[in-house]
Each structure stands twice: as C-alpha cells, then as structure tokens.
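To start, the structure under review is shown below, and the notes come after it.
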Amino acid sequence: MELSLTRPDDWHLHLREGDLLHAVVSHSARHFGRAIVMPNLKPPITTTAAAVAYRQSILKALPPDSGFDPLMTLYLTDNTSPEEIKLARKSGVVFAVKLYPAGATTNSQDGVTDIFGKCLPVLEEMAKHNMPLLVHGEVTDPNIDIFDRERVFIETILSPLLIKLPHLKVVMEHITTMDAVKFIESCNEGSVAATVTPQHLLLNRNSLFQGGLQPHNYCLPVLKREIHRQAIVSAVTRGSNRYFLGTDSAPHERQKKECPCGCAGIYNAPVALSLYAKVFEQAGALDKLEAFTSFNGPDFYGLPRNTSKIKLRKSPWKVPDSYSYTSGEIVPMFAGETLEWFLSDN
C-alpha cells in the first residue's frame, strides 16, 4: 500500500546550531519541503540580521542539491521594537515571531515578561503586517500545576490578547489539551490555528513513567491525560483546516536527556511522517492526512503549497536506537521500535 502526498512542511522545528545542526538537518530536509525554524538558540535570534545569518548556516549544512527551505522566526522579548518587525517583513526570509513566556522551555530565559505592556506595540505592528505570532502557550507561575499551565495561559493571556488585538494572527504551538481544542475552534477561522506534534497525538503522561522514568518522552508542554490526547486526535483527524503539522522536533545529546536534570524535547524528525500516518490510519482518516501535512499550514501562512510529491509505503521498518555525531548521539522518538509507514525514495 502506498500513499502519494504533496510534499509536507514542518511548521515547528528546532534545528539547533553547530555540530547538532549538521547532525539533524538532513532528516528534516529528506521529509519536508519547508520548515518554520525556532529561534531559541544561545543567544536567541532576536533580530532580522541574526535570522538571515542563521538561515545561511542552515543552508550550508544541507545535503547537496537539497531543496529544503528554512523559514525563519524572531524571538520576541520585552525589548523587541516595531521597527524590527518592519525589517523582518521586508527581509523575505522571516515569516513569524515566537512568544516564549520567560522560563517556559529550553533557552526561554530571555522570553517575554510583560506581553500587555512592553510587547503591545510590537504585536500591533505584527497585526498590520499580517505576521503570525507563534505562541508557546503555558504560564510559568510556579504556583500553577504544570498540567494546568496551557489552560491557564488561554484564560489569562491568549484570550484577553485576542480581544485586545482581534486582527493578530496566532498559531498556538504544540497543543496538548481539550481546552486548547475548544479555544481554537471558538476563534475565527483563518485567524487562530494550531500545530500538533506526533508525541501529543500518540502518547499520554503514562508514557513518562511506564517501566521507569522515560527521559526521551519528556517534552514541554508535558504530555497530558488520555482524555486530552483523544480530544486532539479527534480534532486533527476529522479534517479541520485549523490544525497542521508541526513536529516540535527538538534534538538533545543523549547525556543531556539522561541526567539528573534532563532537557525537555523529543527528537522525532526521522519518524514524524510515519507516526502521523499511523494516527490517521487508526482513525480511519488517511484521506484527510494530506490536508494536515501539506495544505493547512501554507494556506494559513499565505504561502503557496508545494508542488512536488512524496510517497509513504506501508512497509515495516525499525527505528534506529540512536544517531551518532561528532559530539555524541541523539535518541529518536520510538527508538528501536518497528513502525509501519516508510518514506519511499522512489
């Protein structure tokens, strides 16, 4: 059995830098035509000039003759200016701005602390230029239970923000709860959308603890209850154009995952398409897979759909236990397990 799909895009991807960038970029380039590249490096990508330079480093790391197109983002801070948004729009390579609440995830210590004060002029400028705000939708108040942080973010930050700026385009990244699904579907179509990861479609919070602590299943936002996973699967597989593929593939060297204070992030770039196909097949919705992987994202961003095709073949294959590179090794999602859908090279 084969599936022919318009080449997908990844609308949420971490490529890192240096040796790690060189180790992982070919996996994304093989599967995807374009990717929205996250800006949470050290230091973060806060200016258009830095985004242009980072894009060049990605292009240099690509395999020969690759057509992969990295779409760049800026890291929003309390000090980002409206003028920087104008430069970003004119650049032709910056397509969105990422909101990390300070302390929410990897390398987010420089994130936003005052969205309704210091950031409002920037967000108003973004709305003028139709530039999407990509939201890591969690509050960081330590008094809020980690499993409730997405719901509280929607209630206290995102919903009030959209009331204040109704023309701002927003992508709620890596949604994890039925609360997010309800919110997305309450908004005007075309103004608010969501990316969905393989891990939040396939795993629930039991996956963090079964058989011992599982550091390679630890990501932020953290995995949630089974009822939330089911709500997201239902939303995505019924064919709504409000949802699209965003892997949140986030590589870390093995020792930084398997340590007393392990990093958050799941490396899924080599297996993501196989896992999305699994989810849609289990739901009896393979006819809706292409829209999710290949149409909804570019349509929301106002970009042309890809014209080339890929083929997924129903053929069992074993996920490698790890991928080695000069500084260590990276453990992929579902390492050592057998998956059913395989990207055909023909």
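The values are calculated or read from the model by the stated rules, or taken from the named source; none is laboratory data. Remember, predicted model here, so these are calculated numbers, not experimental data. Note: ideal-geometry Cβ built from the backbone for every residue, glycine included; neighbour counts use all protein chains shown. In case anyone asks, the SASA skips ligands and DNA or RNA and just uses the protein heavy atoms, side chains included. Shrake-Rupley method; radii C 1.70, N 1.55, O 1.52, S 1.80 Å.
Structure summary
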item	result
Of all residues making up the stretch 84-118, the number that are in contact with a helix residue (DSSP H, G or I) (Cβ under 9 Å, 6 or more places away or on another chain), under 17 Å from Val37 (Cβ atoms) and assigned to a loop (DSSP other than H, G, I, E, B)	1
Close pairs (6 angstrom Cβ cut-off, 6 or more residues apart or separate chains): farther than 17 Å from Leu20 by Cα in the stretch 317-346, β-branched (Val, Ile, Thr) and open to solvent by less than 50 Å² (accessible area, probe 1.4 Å) anywhere	Val319/Val271; Phe334/Val271; Phe334/Val319; Ala335/Val319; Glu337/Val319
Residue match in the stretch 40-54 (condition: surrounded by 21 or more Cβ atoms within 10 Å (Cβ to Cβ), more than 22 Å from the chain's Cα centre (by Cα) and touching a residue at least 12 places away in the same chain (Cβ under 8 Å))	no
Close pairs (9 angstrom Cβ cut-off, 6 or more residues apart or separate chains): over 18 Å from Thr197 (Cβ atoms) and touching a residue at least 24 places away in the same chain (Cβ under 8 Å) in the stretch 276-300, surrounded by fewer than 18 Cβ atoms within 10 Å (Cβ to Cβ) and polar (S, T, N, Q) anywhere	Glu290/Ser4; Phe295/Asn241; Asp299/Asn241
Flag for Ala264 being closer than 30 Å to Ala104 by Cα, touching a Cys at 6+ places or on another chain (Cβ under 7 Å) and either assigned to a loop (DSSP other than H, G, I, E, B) or modelled with pLDDT of 95 or more (or both)	yes
Residues located in the stretch 91-101, provided they are in contact (Cβ under 8 Å) with a residue 12 or more places away in the chain and either touching a Cys at 6+ places or on another chain (Cβ under 7 Å) or open to solvent by 30 Å² or more (accessible area, probe 1.4 Å) (or both)	Ser91, Phe95
Unmet requirement for Arg34, which otherwise passes all of (1) of a type in the set (D, E, K, R); (2) within 15 Å of the chain's Cα centre (by Cα); (3) surrounded by fewer than 17 Cβ atoms within 10 Å (Cβ to Cβ)	(3)
Candidates Asp65, Asp69 - the one that is open to solvent by 20 Å² or more (accessible area, probe 1.4 Å) and within 20 Å of the chain's Cα centre (by Cα)	Asp69
Answer residue from the stretch 137-159, given it is part of a loop (DSSP other than H, G, I, E, B) and farther than 16 Å from Lys224 by Cα and is most open to solvent (accessible area, probe 1.4 Å) among those	Asn143
Index of the failed condition, Val271 passing every other in (1) among the β-branched types (Val, Ile, Thr); (2) over 28 Å from Glu185 (Cα atoms); (3) touching a Lys or Arg at 6+ places or on another chain (Cβ under 8 Å)	(3)
Only one of Ala283, Ala235 that is farther than 21 Å from His31 by Cα, of a type in the set (A, V, I, L, M, F, W, C) and open to solvent by less than 10 Å² (accessible area, probe 1.4 Å)	Ala235
Residue match in the stretch 279-294 (condition: in contact with a strand residue (DSSP E or B) (Cβ under 7 Å, 6 or more places away or on another chain) and farther than 18 Å from Gly239 by Cβ)	no
Enumeration of residues in the stretch 223-237 that are in a loop (DSSP other than H, G, I, E, B) and more than 13 Å from Pro198 (Cα to Cα)	Lys224, Arg225
Candidates Asp248, Asp179 - the one that is open to solvent by 40 Å² or more (accessible area, probe 1.4 Å) and closer than 27 Å to Leu120 by Cα	Asp179
